[in-house]
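Data block below; observations after.
The values are calculated or read from the model by the stated rules, or taken from the named source; none is laboratory data. None of these values were measured; they are calculated from a predicted model. Glycine gets a Cβ as well: all are built from the backbone with ideal geometry, and neighbour counts include every protein chain shown. Ligands, DNA and RNA are stripped out before the accessible areas are found, and what is left, the full protein with its side chains, is counted by its heavy atoms. Shrake-Rupley method; radii C 1.70, N 1.55, O 1.52, S 1.80 Å.
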Amino acid sequence: MYAARVTEKHAETTIKKAQPSEALRKPSERPLDHDPESLAGPKGTFSKAIMWDSYSLIIAGRRTAIFSAEFHPWRLPNPALWKDVLQRIKDAGFNTVSTYTHWGLIQSESNPASIDLKGINDLDYFLRICQQVGLFVILRPGPYINAETTAGGMAPWVVNLPDELRTNGTSWSVSFKLYLHAIAETAKIHQLSYESENRTVSGGSLIMLQAENEYHPGGKRDAYMRDIVSSLKAWGITVPISYNDADRERGFLDIVDLYGIDSYPQEFDCSRPEVWKPVKDDYNSYHEHTNPTQPLMIPEFQGGAYDPFEGSGYQACRELTNEKFIRVFVQDAWSQKKFPSFVLSFGVFSLQMVYGGTNWGAIAMPDVYTSYDYGASLTESRQLTPKHSEYRLHGIFIRSLPEFSRADLINRGEDHCVVKTWACPEKVGLSDGIGEEKKGDAAAWVSELFNSHAQTRFYVVRHTNSSDHSCVKARLRIKTLHGPMTIPQDHREGIAIAGRDSRIVVVDKTLGSGIRLRYSTASIFLAAQIGDKDVLVLYGAENEYVEGQFDSPDQLPLRVIREDDEEEISSKSKINFSRQDGGKSLAFNFRISASQARRNDPMTATKIRHGDKDLLLLIVSTDDAYAMHAPVVRYGDRDDAFGSFWDLGSNETVLVHGPPFVRNAVARLENLYLEGQTSEDTVVLILAPSKIDRVLWNGREISGIFRTKLGIFIGLLPGPSRGVIDFEPPNLENLTWKYRDSLYEVTDPAFDDWDWTEAIKTSSDNPFWKSTEISTQGWVLFADEYGYHGNNILWRGSFYDEIATGFEVRLQGGHHFAFSVWLNNVTLGSAFAGGGRSTAEKIFMFPEGALKPDGKNIITILQDSMGLNQEDGPRAIGNRKPTRKKFHEATKLPRGIISYHLVDACQSTSITWKVAGNHMGEKGPDRVRTYLNEGGLLAERKGWHLPGYDDTDWEKRSPTQAIHTTTEEGAGVGFFRVTFNLSLPEDHDVALGILFPSQGKSKGNYRAQIYVNGWQMGKRISTKGPQTYFPLQNGILNHQGENTIALSLWGFEGPKENKRLEGPLKILVEARNRGKSIDDYRLDAPSYSDLR
């Protein structure tokens, strides 16, 4: 017997770094549904761990549906939260996580000694906890990943290489192999291994590795891909190596093991979320003409959309790709082949993104802002949305119906199987016949799939026009093992398809008790054995009429049983039953009441007996199905590295209704340990094996728990504590802010730039150096050439001239960048990139008296680098598409000064330049936050943003007061700091964030950066928007101690509104949850005394 209190550490068996020779688990003994001799596998290896046929992957001898979620752990820069996200992914029904690694964060300079796979890049830890949680892994290390990140994830210093990137050039090959070899050394330890003779599994849960991403075939690019694949295999990668083709160019088919395609049906315009583009109906045709012997694989299927500066905001993106989008577009994709699952016959179906995260520091590409929420099912602050629950319905459906993995498309179309359609009455499911029948305009599109092995059919029903907001009812003519029939059998009723919705009707599904479900117009959430119980969970919309029929597999009749084990009289049941064929068939119908989701007994439960076996039938509303979980049960008394996996683990589940999130389920003897979170006091219903007589939640007894005669536990889970409910975050307006000028380069006449980098290079391997648009008196003034790859860059030019009257200059910094110019201590002005261009230019005339005719003059330029371009084809300076065939790589578009000219100056006058970026550039000492965290502002170089800096003698000044500038109308930079303490309980998960005072765009013209305990967690461009709220993750913000928030404010010339915040910053509470989210991983970010 175990004690009642069980911590997360004890609730799961800690997995050591798995070794390939360590045999750990035999897969389930489910009969094979494939011929092992007919399978294909990875080239150049004898491994049989991952095989495939034209339907799906075969993992460790089991046909497996890969339902995958994309998650980039480096966008959540606290590894102690990674497991929380992975467990949320697993709870949503996914069995796989797909992830990129980011070369730019891993290797700060060309020196291989700078490769760092710890902290935010701790790949070994990530792969270990994926296995602990029970998720397969698809690893996508690039070297190029795209992902809306600077340089597409490549190390920024590669822009200085002489070779064309992503080809077989020598300097590029040497560079990427250093990085990729380090990835392979870690990855190979975590590959899944399988001994087919004794059917044992060992190693880790890595099942696939993708080479490159979204590239183009041909010539030296093919040679480059061959080099990647052959190198990976030589370094010990035995799992399949795949490729993701964004443009359907059929590239690298003969080089990689598995080939897949992108699919983003709604693209990335979130401005009109109520309007959908049509469904894509060509997956099957393209697949059959490309790689028909492999399963159809979609490594990236749209699960959201990124949003640009001046965009509509991520709530609009979430609405565009909401739960209805998932039902319609995913289910339609599933139904286009002999493919079993969007994943099944899709060897891989991966949703991009399921958790987006944060573009902290300088990791964003130029077009996107700090938040990478993506409109995903998990918000940036890890909160759940209805779309996440919808994923769970799909994931558990796939797990419950493996027949779907071998179902072939029979036919599809507007009229296929449709008897008639008509408009729904005002309330879905009313049977009064109200509604106009649609004649000559088939409103329902039906796809029919058939699994000839199991004799199971699937009918996928949706609107013909996928964007139709109206509700339609349809009667279908289906095929069953008992012959054709029209459903619903009640001629007054139809299968209700709400606006922008879809439904899968399952026909002839054999359940564990032997009872066959002939059909049901309700959707299936779960069909499983829970201990000795056969359980079927059906769901539908409130007010919806559902019906179905069960068949006995033999001569024994089917009987409806009451809780007291006596036969039920059908007229007294909540479900209407009628016996047919001498009791060997049992028809049922039920109307899901409007109050079903809001009363204390959300399940309508009935027991159906066949001989000595029982089927427990549960019918719930869709809202209640959203509150249901079916976690894989792990046995805590077994040292089993695959115990959390379905098929490779226990193959047992429990049913939990109530809490928004169930983290895991562990069984020990007669005890069941559940972990999860609640946001309020929650009634929980738990259906567990009969041998379980005690259930604990987060290590504690459940209040008032009891067990019904149907075997369902009912109890009350506590919500957040009174202290957390009453918690009010610090009022930043009432705290003491400290202030200091951060532009000494302009405001201090004695400023010495002795430690700046001299910009004295006169040649560059960057192809843009040869552009005729470069005019810089022979100096290379590209910031990346001097090791500065993001955030704020400062240029300081010295010259002597008596007669110059102005300064004409052009800079490049990426879309939405800006720059300001000063002559000595006088503001000349600013310029802003616009119109989709990455450059800005302006002529600044010198004010009278600004030029020192008898001395040294200093031009200071502050620019922001908005990140390096992704590799999106040929580009010219300014990010223009060139008119000539000769082109340069977009990623190499330089950041810095493109041209300049002193107006009316002496012909012999030249300017000598220095440049400053982040402290020590590529060799920056902060190996935890990395060199991409900081920029070149004086405050950043001096470490004022870091915790532990002593600001005792700073001026007391609020960000709502204007920063100091040399003139009232001038531009400048100020820096603010404030400290406060938090004391939140560790067993709670409180989501906090910082809110700027205006919504969307501001009247004032400024650019701000938010630093939280040294981490740059937000950039705000006041005139661009749309982001004003910046989540602060637990562990970045210290929930149990002191915190330092710092704000840099770059105010442009003009009124005071440009040089101050229009109102106070506020810390908001986004969510209050009971249940710990942080694990034991320690990421000790250095303080000021460690780094300066």
- Query: Quick one: if you take sqrt(5λ) for each eigenvalue of the C-alpha gyration tensor of the range 161-283, what semi-axes come out, biggest first, whole angstrom?
  - Reply: 30, 24, 14
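With a ≥ b ≥ c taken as the square roots of the eigenvalues of the C-alpha gyration tensor of the range 214-281, please select rounded if a/c is under 1.5 and otherwise prolate if a/b is larger than b/c or oblate if it is not? Show your work: numbers first, answer last.
Details: a/c = 3.19, a/b = 2.50, b/c = 1.28.
Verdict is prolate for the range 214-281.
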- Hey, what do the phi angles of the range 201-206 turn into as Karplus ³J(HN,Hα) couplings, whole Hz, using 6.51/-1.76/1.60 and θ = phi - 60°, x for Gly and Pro? 10, 8, x, x, 10, 6
- Message: How long are the semi-axes of the equivalent ellipsoid of the range 1012-1087, taking √(5λ) for every eigenvalue λ of the Cα gyration tensor, in whole Å from largest down?
- Response: 30, 15, 11
- D (µm²/s, integer) via Stokes-Einstein for the range 597-651, Kirkwood Rh across alpha-carbon pairs, 37 °C, 0.692 mPa s: value 232 µm²/s
- Query: Rg (Å, one decimal) plus Dmax (Å, integer) for the alpha carbons of the range 908-967?
  - Reply: 15.8, 49
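Fully extended, how many nm does the chain gain between residue 845 and residue 415 (0.36 nm per residue separation, minus their Cα-Cα distance)? Mind dumping the intermediate values first?
Numbers: separation 430, 0.36 × 430 = 154.80 nm, distance 7.20 nm.
Residue separation times 0.36 nm, minus the Cα-Cα distance, leaves 147.6 nm.
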- Item | 21 Å Cα-Cα threshold exceeded, pairs from 1003/1066; 892/1001; 1003/1024; 852/1059; 324/1001 | 892/1001; 852/1059; 324/1001
- Task: Return the long-range amide H neighbours of residue 312 (sequence gap of 5 or more, or a different chain), with a cut-off of under 5 Å between placed amide H atoms.
- Result: 270
- Sorted list, accessible surface of protein heavy atoms, 1.4 Å probe, largest first, for 707, 1082 is 1082, 707
- Note on the structure: When every protein chain stays in place and a 1.4 Å probe is rolled, 740, 503 sorted by accessible area with the largest first are 740, 503
- Query: Can you give the FRET efficiency for residue 110 and residue 872, using 1/(1 + (r/R0)^6), R0 = 22 Å, r = Cβ-Cβ distance, to the nearest 0.05?
  - Reply: 0.35
- Query: By how many nm would the segment from residue 1084 to residue 310 grow when fully extended, if each residue of separation counts as 0.36 nm and the alpha-carbon distance is taken off?
  - Reply: 275.1 nm
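Using a 1.4 angstrom probe, figure out how much accessible area the range 126-178 has per residue, in square angstrom, rounded to the nearest whole. Mind showing how you got there, number by number?
Details: 930 Å² over 53 residues.
Value returned for the range 126-178: 18 Å² of accessible area per residue.
Given Cα positions, please report Rg to Rh for the range 105-223, the hydrodynamic radius being the Kirkwood one.
Values: Rg = 16.2 Å, Rh = 15.8 Å.
Rg/Rh: 1.02.
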- Message: Tell me the Rg and the Dmax, in Å, that the Cα atoms of the range 90-138 produce.
- Response: 13.3, 42
- Task: With label points built 7 Å along Cα→Cβ from the Cα atoms of residue 798 and residue 246, find their separation and express it in nm.
- Result: 4.5 nm
- Query: How much accessible surface area, in Å² rounded to 10, belongs to the heavy atoms of residue 817 with a 1.4 Å probe?
  - Reply: 0 Å²
- Euclidean distance of C-alpha centroids, the range 239-318 and the range 1039-1065, integer Å: 40 Å
- Query: Amide H neighbours of residue 98 under 5 Å, counting only residues 5+ apart in sequence or on other chains, H built in-plane at 1.01 Å?
  - Reply: 69, 70, 71, 138
- Query: For the chain, can you list the cysteines whose C-beta has no other cysteine C-beta under 4.7 Å from it?
  - Reply: 130, 417, 906
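Please go through the residue pairs 770/923; 90/280; 738/942 and name each one whose alpha carbons sit more than 20 Å apart in this structure. Don't skip to the end; give the middle numbers.
Working: 770/923 28 Å; 90/280 28 Å; 738/942 16 Å.
Those over the limit are 770/923; 90/280.
Using 0.36 nm times the number of residues separating residue 581 and residue 118, minus their current alpha carbon distance, what extension gain do you get?
Working: separation 463, 0.36 × 463 = 166.68 nm, distance 6.65 nm.
Computed gain between residue 581 and residue 118 is 160.0 nm.
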- Task: Would you kindly calculate the translational diffusion coefficient of the range 240-329, applying Stokes-Einstein with the Kirkwood radius from alpha carbon pairs, for 37 °C and a viscosity of 0.692 mPa s, and quote it in µm² s⁻¹ without decimals?
- Result: 226 µm²/s
- Using the Karplus curve 6.51 cos²θ - 1.76 cosθ + 1.60 with θ = phi - 60°, work out ³J(HN,Hα) for each residue of the range 1051-1056 in order, rounded to whole Hz, and write x for Gly and Pro. x, 8, 4, x, x, 4
- Message: Can you work out the Karplus-derived ³J(HN,Hα) for every residue in the range 664-670? Use 6.51 cos²θ - 1.76 cosθ + 1.60 with θ = phi - 60°, whole Hz, and x for glycine or proline.
- Response: 6, 9, 10, 10, 9, 6, 8
- Message: Quick one: the Cα spread of the chain along its three principal axes, in angstroms, biggest first?
- Response: 112, 64, 63
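Using the crude model of +1 on Lys and Arg Cβ and -1 on Asp and Glu Cβ, and no other charge, please compute the dipole size for the chain relative to its Cα centre, in debye to 20.
Working: 123 positive and 139 negative charges, 293 e Å.
Dipole about the Cα centre, nearest 20: 1400 debye.
Of all accessible surface on the range 372-413 at a 1.4 Å probe, what whole percent is carbon and sulfur? Walk me through the numbers on the way to the answer.
Values: 420 of 780 Å².
That share works out to 53 percent.
Find the accessible area per residue for the range 721-810; the probe is 1.4 Å, ligands and nucleic acids are left out, and the unit is Å².
Details: 4130 Å² over 90 residues.
Accessible surface, normalised per residue, equals 46 Å².
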- Message: Modelling each spin label as a point 7 Å along the Cα-to-Cβ direction, I'd like the residue 220/residue 968 distance in nm, to one decimal.
- Response: 6.0 nm
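Which value, in Å², gives the accessible area per residue of the range 900-967 when a 1.4 Å probe is used on the protein heavy atoms? Don't skip to the answer; put the middle values down first.
Details: 2760 Å² over 68 residues.
Per-residue value: 41 Å².
When the accessible area of the range 772-862 is split by element with a 1.4 Å probe, what percent falls to carbon and sulfur? Mind dumping the intermediate values first?
Details: 1530 of 3020 Å².
The computed percentage sits at 51.
Give me the net charge for the shell around residue 533: Cβ to Cβ below 10 angstrom, other residues only, Lys and Arg +1, Asp and Glu -1.
Values: positive: 607, 613; negative: 532, 534, 614.
Net charge in that neighbourhood comes out at -1.
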- Item | Probe 1.4 Å - accessible area at residue 919, Å² to nearest ten | 50 Å²
- Within-13-Å neighbourhood charge of residue 1073 [Cβ basis; K, R +1; D, E -1]: -2
- Determine by what factor the alpha-carbon radius of gyration of the range 934-1092 differs from 2.2 N^0.38 Å, reporting the quotient. 1.09
- Query: Say each of residue 856 and residue 423 gets a label point 7 Å from the Cα, pointing the same way as Cα to Cβ; how far apart are those two points in nm?
  - Reply: 8.1 nm
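If r is the Cβ-Cβ distance from residue 491 to residue 272 and R0 is 56 Å, what FRET efficiency results, to the nearest 0.05? Please report the intermediate quantities before stating the final value.
Working: r = 40 Å, r/R0 = 0.71.
Efficiency computed from Cβ-Cβ geometry: 0.90.
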- Message: Quick query: amide H of residue 210 versus all other amide H atoms, modeled in the peptide plane; which residues come in under 5 Å with a sequence gap of 5 or more or a different chain?
- Response: 139, 140, 242
- Query: When all protein chains stay in place, what accessible area (Å², nearest 10, 1.4 Å probe) is found for residue 226?
  - Reply: 120 Å²
- Query: residue 481 to residue 35: FRET efficiency via 1/(1 + (r/R0)^6), r the Cβ-Cβ distance, R0 25 Å, to the nearest 0.05?
  - Reply: 0.50
- Message: What is the distance in Å between the Cα centroid of the range 943-962 and that of the range 978-1010?
- Response: 17 Å
